[in-house]
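Visitor: Sharing a structure here in C-alpha cells format.
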Amino acid sequence: MGCVFPGAADADTFWGNIRSKKDTTREVPPGRWIFDPREALAPEVAPDKVYTTRGCFVDSFTLDPSGLHVDPSLLSQLDPLYHLALEAGRQTWNDARVGELDRERVGVVLAAIALPTDASSALTRETLGRDFENRLSQLAGDDRELRAVFSELEASAQTNPLNARVVGLPAALLAQALGLGGGSYTLDAACASSLYAVKLACDELRAGRSDAMLAGGVSRPECLYTQMGFTQLRSLSLTGRCAPFDASADGLIVGEGAGLLMLKRLDDALRQGDRIYGLIRGIGLSNDIGGSLLSPDSEGQLRAMRAAYSAAGWSPSDVDVIECHGTGTPRGDAVEIDSLLELWRDANCRAAQCSIGSVKSMIGHLLTGAGAAGMIKTLLAMKHETLPPSIHFDSPPAGSPLGDGPFRVQAEPESWPRRDEQTPRRAAVSAFGFGGINAHVLLEEWNPASGRVPGNGSRRSVAAHPRDGREDAPVAEPQCVAIVGMAVRFGDIASLREFQELVLNGECAFRDRPGERWHGGDALGEAGRSGAFIESLSVPVGAFRIPPNE
C-alpha cells in the first residue's frame, strides 16, 4: 500500500494520525485560490460565495522524480494530482515483493474525479485570455497599448497541455513511470470510484490477464471549485468540521490525496514472500434505482452489500468493524445506518457489538480517493490489531437509527481481539457515490498460523491453462456472451431503422454545422463545417428516474 493524505505522506504516519485522533481540517492554504478566500465568505448560500473556507489539504508535498521513468522536466510542469498518484504508486510498488514479477503483466486501475484542477483551470484562463485578445483587438483597432497587454498575457501562458487530461492520463502516467505494460485506465464512478477500481483489478487477476494490479484513487480538484460547489449543494459543513453520525453533524469537509494498493492472487503472494495485509473476500457494486441525484437510496446500498456477503459466504454479523461512507451529512448518514440495520435485521447479534466509523472525520472526503483511504485505514487497523477511532462523535441525534442496535461509533482506539483462534478479524468498507453509485468490500485478516486457506470468494470456476508460458496462471472458463439490445442516435438518425436504411443505401448523415455551435470553428476551413450533428432532442418528462430540472 501507499498513500499521500492530509497530514500524512506515508502509511505509517497515516496510522499514527488515526490512532492519535488527529483532525487535519484547517483554513485553505495561502495561494491555493486565485483570490483572497476572505473575499468569497458569506454567512449563507449565495452565488460565487462559500460559507466556510476550511478543508483538509495536502500542500507541503514535493515529488522526488528519481527512479521514475518520466522526464523530470515534464513532471515539474504537471498538476499536483499527477504527483500524488505517482508518489502513492511508487510507495505501493516498493512495499510489495516485485522481484519475480513480469512488469508486462502488471496493470493499473486508478480512480480520478472529473473536476477542474489547478492546472486545467490555468489552461482555461489562458485560453480565454487569447479569445479575449482576439475579440477586443477587433474592437480596439490600432490600440497598441491594449494589444500589448494581451500579447503579454499570451506570452506568459506556460501551462503544459497534458494538464487538460487530468482524468484520463494519471493511470497511464503511473504505468509508464513504473515501467508497467499490463494495461491501464482511469475511471470516475464518483465517490465509490476507488472501490470500483479494486473490483475491476480483482477481475483482471481472476481472469489470468495480469499477475499483479495497482488499484486505488486520487483526488485533488481545484479546492476553490469544490468549496463553492459543495456550498451550492448545501452539503458543506457550516461549522467547518466533519462529525459523522453525531448530533452536531452539519455536512462534509472536502479532502484531497491519493491511496493505492497492490493486489495479487493469494498463492502468488505466498510463493513470492509478500507481507499480506489482508484478503479481499467479496465486493458488491450497484446503482440506485429509486434515489435521486442528491439523495442516497437504501435499496441500492443494500444490493451492493448483499452481493458482497453472498460472494464471501458470510453473514453480516461476521464482521467486527465497518468503515462507513460516513460523510457527516445528516441525511446521508441516516440512510447509511438504515441500510446497515436492514442488512443485519435477521442476524443473531448483540447490542453495540460492531464498531463503525469514518476516516472522513479526520482527513475529509477524498471523493474518488475516499474508498482507498477507508481500505488502507482498515487494513492498518488489522495489522496493528486495533479498532480505529472516528472523531467528533459524542452522541447520536435524537431519533437516530443507531439507537440500541448492533452498532457503536468507535470514539477511542482499543484492542481488536479475534473472536477465537480459528476466526480471523473481518471488516467491511463502504463507498457510496454521488447519484447512487455504491460499492462494499469485505476484508479478512490473513492468519498463516491457522493453517486454513480461504476460498476465493467467487462462484465462478477457474481452471488452470497455459497462459503466456505460465502453467499456473488461472483463467476463467470461457462463456458465450449474447447481444440482446441495440439503439442508435447519430446526428439526425434517431432509430435503428433509419440507420439501416442510411447504411444499406450508401447515404451520408453529414450536413452543415448548426449556427453558433462552434465559435471560431471557421478558422479550420471546410474541415469544421460539416458533420453528423445533433441539433435538438427531447426527453419525455418521467421517462427516466431523474428530476426534470436535473
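The values are calculated or read from the model by the stated rules, or taken from the named source; none is laboratory data. This is a predicted model, so every value here is computed, not measured. Ideal geometry is used to build each Cβ from the backbone, glycine not excepted, and the neighbour counts take in all protein chains shown. Ligands, DNA and RNA are excluded from the accessible area calculation, which covers all protein heavy atoms including side chains. Shrake-Rupley method; radii C 1.70, N 1.55, O 1.52, S 1.80 Å.
Visitor: Within the stretch 352-360, can one find any residue that is part of a loop (DSSP other than H, G, I, E, B), more than 27 Å from GLY291 (Cα to Cα) and of a type in the set (A, V, I, L, M)?
Guide: Scanning the stretch 352-360, I find at least one residue that is part of a loop (DSSP other than H, G, I, E, B), more than 27 Å from GLY291 (Cα to Cα) and of a type in the set (A, V, I, L, M), so the answer is yes.
Visitor: OK, next. Does the stretch 7-23 contain any residue that is open to solvent by less than 20 Å² (accessible area, probe 1.4 Å), among the aromatic types (Phe, Trp, Tyr) and in a strand (DSSP E or B)?
Guide: No, the stretch 7-23 contains no residue that is open to solvent by less than 20 Å² (accessible area, probe 1.4 Å), among the aromatic types (Phe, Trp, Tyr) and in a strand (DSSP E or B).
Visitor: Every residue in the stretch 79-102 that is in contact (Cβ under 8 Å) with a residue 60 or more places away in the chain, open to solvent by 10 Å² or more (accessible area, probe 1.4 Å) and either under 13 Å from LEU174 (Cα atoms) or β-branched (Val, Ile, Thr) (or both), please.
Guide: GLU87, ARG90, GLN91, TRP93, VAL98
Visitor: Considering each of LEU115, LEU101 in turn, give the residue that is of a type outside the set (Val, Ile, Thr) and out of contact with any Lys or Arg (no Cβ under 9 Å at 6 or more places or on another chain).
Guide: After ruling out the rest, the residue left standing is LEU115.
Visitor: Further question: Looking only at the stretch 283-299, count every residue that is surrounded by fewer than 22 Cβ atoms within 10 Å (Cβ to Cβ) and not in a loop (DSSP other than H, G, I, E, B) and tell me the total.
Guide: 4
Visitor: Could we say that SER358 is open to solvent by less than 10 Å² (accessible area, probe 1.4 Å), among the hydroxyl-bearing types (Ser, Thr, Tyr) and in contact with a Leu (Cβ under 7 Å, 6 or more places away or on another chain) here?
Guide: no
Visitor: Inspect all residues belonging to the stretch 197-205 and state whether any of them is modelled with pLDDT of 95 or more, under 17 Å from the mean Cα position of the chain (by Cα) and open to solvent by 40 Å² or more (accessible area, probe 1.4 Å).
Guide: The answer is yes, given that some residue of the stretch 197-205 is modelled with pLDDT of 95 or more, under 17 Å from the mean Cα position of the chain (by Cα) and open to solvent by 40 Å² or more (accessible area, probe 1.4 Å).
Visitor: Specify the residue that is farthest from VAL98 (Cα to Cα); the eligible residues are those in the stretch 206-222 that are open to solvent by 10 Å² or more (accessible area, probe 1.4 Å) and not acidic (Asp, Glu).
Guide: That would be ARG220.
Visitor: Tell me the helices (runs of 4 or more DSSP H) entirely within the stretch 165-239 that contain at least 1 residues that are more than 20 Å from LEU81 (Cα to Cα).
Guide: 193-206, 223-232
Visitor: Still on this structure, I have one more. Checking the structure you have, find out if any residue of the stretch 323-332 is among the small types (Gly, Ala, Ser), surrounded by fewer than 24 Cβ atoms within 10 Å (Cβ to Cβ) and more than 22 Å from the chain's Cα centre (by Cα).
Guide: So the first thing to find is which residues in the stretch 323-332 are among the small types (Gly, Ala, Ser), and the list is 326, 328, 332.
Those left that are additionally surrounded by fewer than 24 Cβ atoms within 10 Å (Cβ to Cβ): 332.
From the residues that got through so far, the ones that are more than 22 Å from the chain's Cα centre (by Cα) too are none.
No, there is no match, as no residue in the stretch 323-332 is among the small types (Gly, Ala, Ser), surrounded by fewer than 24 Cβ atoms within 10 Å (Cβ to Cβ) and more than 22 Å from the chain's Cα centre (by Cα).
Visitor: Specify which of the listed residues (SER315, SER237) is among the polar types (S, T, N, Q) and open to solvent by 10 Å² or more (accessible area, probe 1.4 Å).
Guide: Just a single option satisfies the conditions, and that option is SER315.
Visitor: Now a separate question. I need every pair where a residue in the stretch 324-342 that is in contact (Cβ under 8 Å) with a residue 40 or more places away in the chain and in a loop (DSSP other than H, G, I, E, B) has its Cβ under 6 Å from the Cβ of a residue that is β-branched (Val, Ile, Thr) and open to solvent by less than 30 Å² (accessible area, probe 1.4 Å), sequence separation at least 6 or different chains.
Guide: Pairs found: CYS324/ILE356.
Visitor: So which pairs qualify, if the first residue must be in the stretch 292-312 and within 18 Å of GLU342 (Cα to Cα) and without any contact (Cβ under 8 Å) to a residue 24 or more places away in the chain, the second must be buried (at least 16 other Cβ atoms within 10 Å of the Cβ) and of a type outside the set (Phe, Trp, Tyr), the Cβ gap must be under 8 Å, and the two must be at least 6 apart or on different chains?
Guide: Listed by first residue and then by second, the contacts come to GLU299/ASP288; GLU299/GLY291.
Visitor: Whether any residue in the stretch 533-547 is modelled with pLDDT under 80, closer than 30 Å to LEU101 by Cα and under 32 Å from the mean Cα position of the chain (by Cα) is what I want to check.
Guide: Scanning the stretch 533-547, I find no residue that is modelled with pLDDT under 80, closer than 30 Å to LEU101 by Cα and under 32 Å from the mean Cα position of the chain (by Cα), so the answer is no.
Visitor: May I ask you to list the residues in the stretch 270-282 that are surrounded by fewer than 20 Cβ atoms within 10 Å (Cβ to Cβ) and of a type in the set (Gly, Ala, Ser)?
Guide: GLY273
Visitor: Condition (residue is of a type in the set (Asp, Glu), at pLDDT 95 or above and out of contact with any His (no Cβ under 6 Å at 6 or more places or on another chain)) applied to the stretch 395-404: is it met by at least one residue?
Guide: Checked against the condition, which is being of a type in the set (Asp, Glu), at pLDDT 95 or above and out of contact with any His (no Cβ under 6 Å at 6 or more places or on another chain), the stretch 395-404 yields no hits at all.
Rundown of residues vs (1) more than 24 Å from GLY251 (Cα to Cα); (2) among the hydroxyl-bearing types (Ser, Thr, Tyr); (3) touching a helix residue (DSSP H, G or I) at 6+ places or on another chain (Cβ under 9 Å), yes/no style:
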position: ALA373; (1), (2), (3): no, no, yes
position: LEU380; (1), (2), (3): yes, no, yes
position: GLU385; (1), (2), (3): yes, no, no
position: ASP404; (1), (2), (3): yes, no, no
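Visitor: If you go through the stretch 259-286 one residue at a time, how many are closer than 16 Å to ASP95 by Cβ and of a type in the set (Val, Ile, Thr)?
Guide: Of the residues in the stretch 259-286, 1 are closer than 16 Å to ASP95 by Cβ and of a type in the set (Val, Ile, Thr).
Visitor: Among (1) among the aliphatic types (A, V, I, L, M); (2) touching a residue at least 24 places away in the same chain (Cβ under 8 Å); (3) in a loop (DSSP other than H, G, I, E, B), which single condition is ALA46 missing?
Guide: In the conditions (1) among the aliphatic types (A, V, I, L, M); (2) touching a residue at least 24 places away in the same chain (Cβ under 8 Å); (3) in a loop (DSSP other than H, G, I, E, B), ALA46 misses (2) alone.
Visitor: Go through the stretch 399-426 and give me each residue that's in a loop (DSSP other than H, G, I, E, B) and among the basic types (Lys, Arg). I'd like the intermediate steps shown before the answer.
Guide: Going through the stretch 399-426, the residues in a loop (DSSP other than H, G, I, E, B) turn out to be 399-406, 410-413, 416-419, 421-422, 424-425.
Answer for the stretch 399-426, where residues must be in a loop (DSSP other than H, G, I, E, B) and among the basic types (Lys, Arg): ARG418, ARG419, ARG425.
Visitor: What are the residues in the stretch 24-40 that are among the hydrophobic types (A, V, I, L, M, F, W, C) and either farther than 25 Å from GLY257 by Cβ or open to solvent by 80 Å² or more (accessible area, probe 1.4 Å) (or both), if any?
Guide: Of everything in the stretch 24-40, just one residue is among the hydrophobic types (A, V, I, L, M, F, W, C) and either farther than 25 Å from GLY257 by Cβ or open to solvent by 80 Å² or more (accessible area, probe 1.4 Å) (or both), namely ILE34.
Visitor: For the stretch 501-532, which positions are modelled with pLDDT of 75 or more and not in a loop (DSSP other than H, G, I, E, B)? I'd like the intermediate steps shown before the answer.
Guide: If we filter the stretch 501-532 for residues that are modelled with pLDDT of 75 or more, which is where we start, we get 501-515, 517, 529-532.
Selection gives GLU501, LEU502, VAL503, LEU504, ARG511, ASP512, SER530, GLY531.
Visitor: Give the residues of the stretch 24-43 that are assigned to a loop (DSSP other than H, G, I, E, B) and touching a residue at least 40 places away in the same chain (Cβ under 8 Å), sorted by residue number.
Guide: THR24, THR25, VAL28, ARG32, TRP33, ILE34
Visitor: Same structure again: Of the residues in the stretch 409-427, how many are among the basic types (Lys, Arg) and either open to solvent by 80 Å² or more (accessible area, probe 1.4 Å) or in contact with a Leu (Cβ under 8 Å, 6 or more places away or on another chain) (or both)? Give the steps one after another, and end with the answer.
Guide: Step one: filter the stretch 409-427 for residues among the basic types (Lys, Arg), giving 418-419, 425-426.
From what's left, either open to solvent by 80 Å² or more (accessible area, probe 1.4 Å) or in contact with a Leu (Cβ under 8 Å, 6 or more places away or on another chain) (or both): 419, 426.
Total meeting the criteria: 2.
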